[in-house]
Structures are given as structure tokens and as C-alpha cells.
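For reference, the structure is listed below as C-alpha cells.
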Amino acid sequence: MALLPETKLRRSVGKEMDPYWQMTWHEDREISPGVPDLHYVMKDSYSEHRVGWLELKAIDTQITKSQRVGVEPSQHQYLRKWVHLMPIHFLVRVQERIFVIPGKYSRELSAAICRGDLAVISDIQFDEVDMAEMLPKFLRETTRI
């Protein structure tokens with residue numbers, strides 16, 4: 001059975017990030033069935049970090065006009081309400097490349113038609129094999145109180 005791109009990303013994130021954070025998966029079966037999101041706190045010092053949120057998105061093909069990263073209307077609504085209260089990012093995998101995009105760019109993300117569009121709105125990007133090296137440092141800085 002072939003795994004959905006988001007399922008593959010979820011497994012990768014779970015494995016690579018486990019030593020660095022305490023997290024909980026969230027999956028709304030009615031809004032975006034099968035698309036996992038998570039909240040987290042970095043482990044190094046809980047008292048120095050606030051809770052953050054990641055929306056996971058993944059596609060195994062190149063991003064194009066006809067193959068975009070989907071953002072549900074309910075996700076845009078959620079972000080408008082919460083993005084000013086906590087760090088929220090999209091963790092987007094396009095093939096092997098990971099883009100970490102601030103939640104405030106949800107509209108730009110859904111309109112992106114190439115990797116260059118994602119690069120412009122990303123805070124950080126890296127290859128998936130470098131996740132354990134790149135993502136913990138970024139999330140520590142992002143959530144530091």
C-alpha cells in the first residue's frame with residue numbers, strides 16, 4: 001500500500017524530532033482528513049519556550065500551477081485567529097525539500113506554483129535528510145520566551 005505524502009512526512013518528523021521536543025499530533029477528520037498537525041514545546045528548557053504549532057503539508061511531485069500545496073478555508077480561518085498569539089508555521093515538503101513557512105503566509109502558500117515562490121515566503125529551508133540538524137535550532141529560536 002502506497003503511503004500518502006503527509007503520512008510519510010509525519011513519520012519522518014516523528015522520528016527525527018523526537019529527541020528535541022514534547023509534542024502532540026492533531027488530526028481533524030472532518031476539516032482535513034488524514035492531514036496531521038501538531039503542537040510542540042522544545043525539550044531543552046520548558047520554562048524558556050512557549051508552545052508552537054506546525055501544519056504539515058507534503059507533495060511527492062514538483063509544485064506547479066496544477067499541483068499546488070492545498071490550504072483549506074478552515075485553516076486560513078484558524079490562522080487569522082491564532083497566528084498573532086503563538087508561533088504557527090507550515091512545514092511543507094516538496095519532494096525532498098522542506099520549507100518552514102510562517103502561518104501568516106497561508107494565502108501565498110496556497111497560491112505558490114514553484115519552489116521559488118515557497119523560498120521567498122520561507123523562514124528556513126533544507127533537505128529532509130537535514131531535518132534533525134536544522135529544524136530544532138530554528139524552533140528553539142522561534143519559541144524562545
Exercise for review: Would you mind telling me the antiparallel percentage of the DSSP bridges in the chain, rounded to 5?
Suggested key: 75
Check your understanding: Once every DSSP H run of n ≥ 4 in the chain is given -39500 (n - 2.57) and the sum is divided by its residues, what mean residue ellipticity at 222 nm do you get, rounded to the nearest 500 deg cm²/dmol?
Key -> -10000 deg cm²/dmol
Review point. Under 18 Å Cα-Cα from Lys43, which lysines qualify once same-chain neighbours fewer than 8 residues away are excluded?
Key: Lys15, Lys137
Review point. How fast does the chain diffuse by Stokes-Einstein, in µm²/s, taking the Kirkwood radius from C-alpha pairs at 20 °C and 1.002 mPa s?
Key: 140
Review point. Roughly how big is the chain's charge dipole about its Cα centre, with Cβ charges of +1 (Lys, Arg) and -1 (Asp, Glu), in debye to the nearest 20?
Key: 300
Practice item. Using a 10 angstrom cutoff on alpha carbons, build the Gaussian network for the chain and name the most mobile of Leu56, Leu85, Leu38. Key: Leu85
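Could you give the length gained by full extension between Glu96 and His39, i.e. 0.36 nm per residue of separation minus their alpha carbon distance, to one decimal place? Walk me through the intermediate numbers first.
On the way: separation 57, 0.36 × 57 = 20.52 nm, distance 2.32 nm.
Roughly 18.2 nm would be gained on extension.
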Review point. Counting Lys and Arg as +1 and Asp and Glu as -1, what is the net charge of the other residues whose Cβ lies under 12 Å from the Cβ of Ser12?
Key: -2
Check your understanding: Among Ser122, Ser45, Ser106, which one moves the most in a GNM of the chain with springs linking Cα atoms closer than 10 Å?
Key -> Ser45
Check your understanding: Roughly what angle does helix 5-17 make with the longest principal axis of the chain, taking Cα atoms, 0 to 90 degrees, to the nearest 10?
Key -> 20
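Computed from the coordinates by the stated procedures, all read-outs in this text should not be read as laboratory data. What you are looking at is a predicted structure, and each value in this text was computed from that prediction instead of being measured. Backbone-built Cβ (ideal geometry, glycine too); neighbour counts: all protein chains shown.
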